[in-house]
Every structure is written in structure tokens, then in C-alpha cells.
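These notes are about the structure you will find just below.
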Amino acid sequence: MSPVNQTIVRGTARFRYLPLLISIMFLIPISPALARGQETTTCATPDPFVTLGGGTCVNGGWLPPGMIIPPPPPPGPPPPPAAGECATPDPFVALGGGTCVNGGWLPPGMIIPPPQPPEPPPPPAGGACGTPDPFVTLGGGTCVNGGWLPPGMVIPAPSHTLTLTLIQGEELSGPWAGTATTSGGYSCTLTGQSMKCGPLTVLDGTTVVFTVALAPQLVDLGHPIRPSATTGCDAVSETTCEVLMNRDRSVTIAIGWDVSPVAMINALDPGLLHSASWGGGLRDAKAFVERRHTLN
């Protein structure tokens, strides 16, 4: 056989055994870890599942053969942009570039609004103090209306405001005039149709008594207070008005009423009551009016 023919025969023999070699390659056992593409060196301990065919090393731990490898967790959301940073591209590049403010874009030339001031803290509850007691070392203070009083200090009683208005009572022949007074030197005088008196500050629980007196020239013509037109008093008479100050109060006192016929008769010349011509009639009228006024 010529050398050329020998070469062809040997080449043909090689191709004859090629399918057999490929079949033998697929029959060789492959490591489970290598088959899964896992790195066995990531586990610090030996494979405990060798006798079962070999485990799989996942994230530093061994999984038994046949167990499905859990998928990796999904990636978390991207971190929020830092204060003043915008997560989107500048949409105003063609206009010269915008300004990123609080994560949003402002067009060029727009004034950046100033930051909002922080909201003030809520006020402490009624009577509660928002700060620690500064008098602990002295024995402890007292919290009053949100502030601390030192130990031993008398807690002031709450106060209320009394508003007084004087008005005309019953006008028959002209306006009345009079003055309302109370303890402590407070007074207010009516000379016209009405008078808005100054406010009076009184401690809680105090009873204020207003005493009303007519002007001297009107004393004999009627009563200082007209009760039916007076409002705001807890107790009222023809001369006084009482008010209990357990809250802010408003009082209106009507000054002057009921021009007394007795006073008018007494204001006449006493000689007329004893005249022979018509004195008897005046005396009878005076007695009748006195009885009628007493009954009323």
C-alpha cells in the first residue's frame, strides 16, 4: 500500500471513532456544583450532602441536592435625591439651564421662593408647662397657666372684667343724671343719653355692688334705678345692682324713673296745703298718691 493510501486509511479510522469519543464525553459524571455553575469555595464548611450526591453552595451555605436555588432578591428602589437635587434631567437646557429646587426644576430667571419657616410648637395644655420645673432643688415649683412659680409663692386668683353702661331710665320732662359707685373708688356718671363706663377688673368670686344716686337737683323727683330697664344684675333694687363675678360680665343700669307726684306736691309752697280755697284738695291728693305709691 502506498504512503498516500495509508494516510487516507488512518484518517478514515480517526473519523470512524469520533462519534464514540463524543458519547464517552457525555457519560463522564460532572460535579453538581459545577453543573449549576456554583463556586464551592464560597462555603467555609465541607459539603454535608456528599453521600446524597453533593449539595449546592449558595451565599456561603449548603443546599441539599435537588433543592431549587431561590432567585436573588429584587434590587431596592433607588435612593431619593438629596435635598436640592433633581432626579430628572434639566428640561430647560435649551433656554440656558434651569434651577433645581427641592427636587424640581424652575425655569431660568424665576425667583426662587424662600423656604417656609418651621411651624411653631403647639402651646402647652391648659395649666401644663412646656419646660422642666426649674425649682426642683428648692422643693418644686407650681405650674400656673404654662409658667412656673417658685415654692411658697401665693397662686393669684383668676380675674374677670366687668363692663358697665349707664342709660336713661324713664324720661318724662327731661333727662336724668346720676352716678354709680362701688367699693375701691370706682364711679361713673351719666349726664347725657348714655355713658360707656371704663372696665372694672375683679377677682373671681367677688360680688360687686353698684350704688346709684341721682344728681342733687333730681333727688326728690324719682328713683335712681329703673329695674325693668336694667340688665346684667344678679339682684337689683331702686338704688343698687349686685353682680357675682364668676366670669366676664356686662351690666346696663337705667337711671331715673317714676317722677313722684308726692315729691312734686312737697315741692310746692307749703302755704298752699293750708289755704282755704283749694288746700284741702291738695292734702287729699297727697294722701291718695302716698297710699298708691306705697302699694306699688
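Overview of results
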{"item": "Overall form of the stretch 175-243 per C-alpha gyration tensor (a/c, 1.5; a/b vs b/c)", "result": "prolate"}
{"item": "Segment Ala44-Val93, length gained on full extension (0.36 nm per residue, minus Cα span)", "result": "12.2 nm"}
{"item": "Summed residue charge, Cβ within 13 Å of Ala229's Cβ, Lys/Arg positive, Asp/Glu negative", "result": "-3"}
{"item": "Thr42 accessible area, 1.4 Å probe, all protein chains in place, Å² to nearest 10", "result": "80"}
{"item": "Added length on full extension, which subtracts the Cα-Cα distance from 0.36 nm per residue, Ser159 to Leu106", "result": "13.5 nm"}
{"item": "Cα-projected label distance for Leu244 with Ser194, points at 7 Å along beta-carbon direction, nm", "result": "2.8"}
{"item": "Long-range HN-HN contacts of Phe49 with modeled amide H, under 5 Å", "result": "Gly55"}
{"item": "R0 of 41 Å, Cβ-Cβ distance Leu149-Ser187: FRET efficiency to nearest 0.05", "result": "0.75"}
{"item": "Residues Ala128 and Val209, FRET efficiency given R0 of 35 Å [Cβ-Cβ distance, rounded to 0.05]", "result": "0.40"}
{"item": "Mean Cα-pair separation over length for the stretch 181-255, i.e. relative contact order, pairs under 8 Å, 6 or more apart, %", "result": "31"}
{"item": "Residues whose placed amide H lies under 5 Å from that of Gly222, excluding near-sequence neighbours", "result": "Ser260"}
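The values are calculated or read from the model by the stated rules, or taken from the named source; none is laboratory data. None of these values were measured; they are calculated from a predicted model. So basically every Cβ, Gly included, is an ideal-geometry build from the backbone, and we count neighbours across all protein chains shown. The protein model used for the area step is the full one, side chains on, heavy atoms only, and it has no ligands, DNA or RNA in it. Shrake-Rupley method; radii C 1.70, N 1.55, O 1.52, S 1.80 Å.
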